[in-house]
1. Please name whichever of ALA86, GLY159, LEU172 sits farthest to the positive end of the charge dipole of the stretch 56-194, dipole taken about the Cα centre and charges placed at Cβ: Lys and Arg +1, Asp and Glu -1.
2. Let me see the P(r) profile for the stretch 47-201: every Cα-Cα distance counted, bins of 5 Å, each bin given as a percent of all pairs.
3. Please report Rg (one decimal) and Dmax (integer) in Å for the Cα set of the stretch 1-70.
4. Would you mind pulling out the separation of the Cα centroids of the stretch 78-111 and the stretch 158-197, in Å?
5. I need two numbers for the stretch 120-203: Rg to one decimal and Dmax as a whole number, Cα atoms only, in Å.
6. Could you tell me which of SER191, SER219, PHE34 has its Cα farthest along the dipole of the chain towards the positive end, charges placed at Cβ (Lys, Arg +1; Asp, Glu -1), taken about the Cα centre?
7. Fully extended, how many nm does the chain gain between ASN51 and TYR71 (0.36 nm per residue separation, minus their Cα-Cα distance)?
8. Run the reach check for LYS156 against lysines, Cα to Cα strictly under 21 Å, same-chain hits fewer than 8 apart removed. What comes back?
Amino acid sequence: MNIAFYTGKTDLIAQQEGLNVYSNNIANVNTVGFKASRPSFADWIYTVQRNTEPDWQTGHGEYVHSTQLMYSEGVFTYTDNDLDFAIPTEEGFFAVMDKYGDVNYTRAGDFQMSQIGDHWELVSANGEFVLDYEGNHITVPFIEGTSKPDYEALTKMIGVYTFDNNFGLELLGSNKMTATERSGEAVADRSIDKIRMALERSNTDIAGDMVRIIETQRSYQMSARVVQTADELERITNNLRG
């Protein structure tokens, strides 16, 4: 078996997976509340080539064994929208409930008002119900005798939740995450502030990810050359045997 061929192949796959992660980060540079990911690479198993020489071990390439979310804060942008909210700390998530009753979590605070029957409720940009600290829908309060929302009261009603392990959250897409056994259950935390008329932007490091894309491309090209060379050597060997 030509070990070099398969070693090169594993790196081609790993670098492609890494490129997928970096490109996804860049694609979401303008996504509100987006948290970038980082691929974590590991080397494959090692084998002893000769029983008479146990110190002679050969590796078999690399693979992506996990991706890690980066929970550093994104840049905060102040807006003119009274229904924009941001959490000014790395900890904390807004809770949203979809039409099936499933509760998920997000850092995106670009909320809206939706009329439900004879009242208005606070919803996410995806139309999901934003929840308070008790896990209930939020009915938008209005200043008595007016048709103007009471934004200060509304701000206090919006729930913020924390987890024992943020890195255990599962990504769902659409700016949402869901709790898992590794993350632990969500806990309402009234001590975390909220900033109104502000949004947290993506924490994507454009310059850093562009450098990593270039590095990945170079590694991919070199691994492709290894595969090509290994294949050529195998062909020459087979011709010699013939």
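The values are calculated or read from the model by the stated rules, or taken from the named source; none is laboratory data. Note that the structure is predicted; figures quoted are calculated from it, not measured. Backbone-built Cβ (ideal geometry, glycine too); neighbour counts: all protein chains shown. Accessible surface is based on the protein model in full, side chains and every heavy atom, while ligands, DNA and RNA are left aside. Shrake-Rupley method; radii C 1.70, N 1.55, O 1.52, S 1.80 Å.
1. Value: LEU172.
2. Here the calculated profile for the stretch 47-201 is 2, 8, 16, 19, 16, 11, 6, 4, 3, 3, 3, 3, 2, 2, 1, 1, 0, 0, 0.
3. In order Rg, Dmax, the Cα atoms of the stretch 1-70 give 16.9, 59 Å.
4. Using only Cα atoms, the two centres lie 10 Å from each other.
5. 14.7, 48
6. Working it through, the farthest residue towards the positive pole turns out to be SER219.
7. 2.5 nm
8. Counting by Cα, and skipping residues close in sequence, LYS156 has these lysines nearby: LYS148, LYS194.
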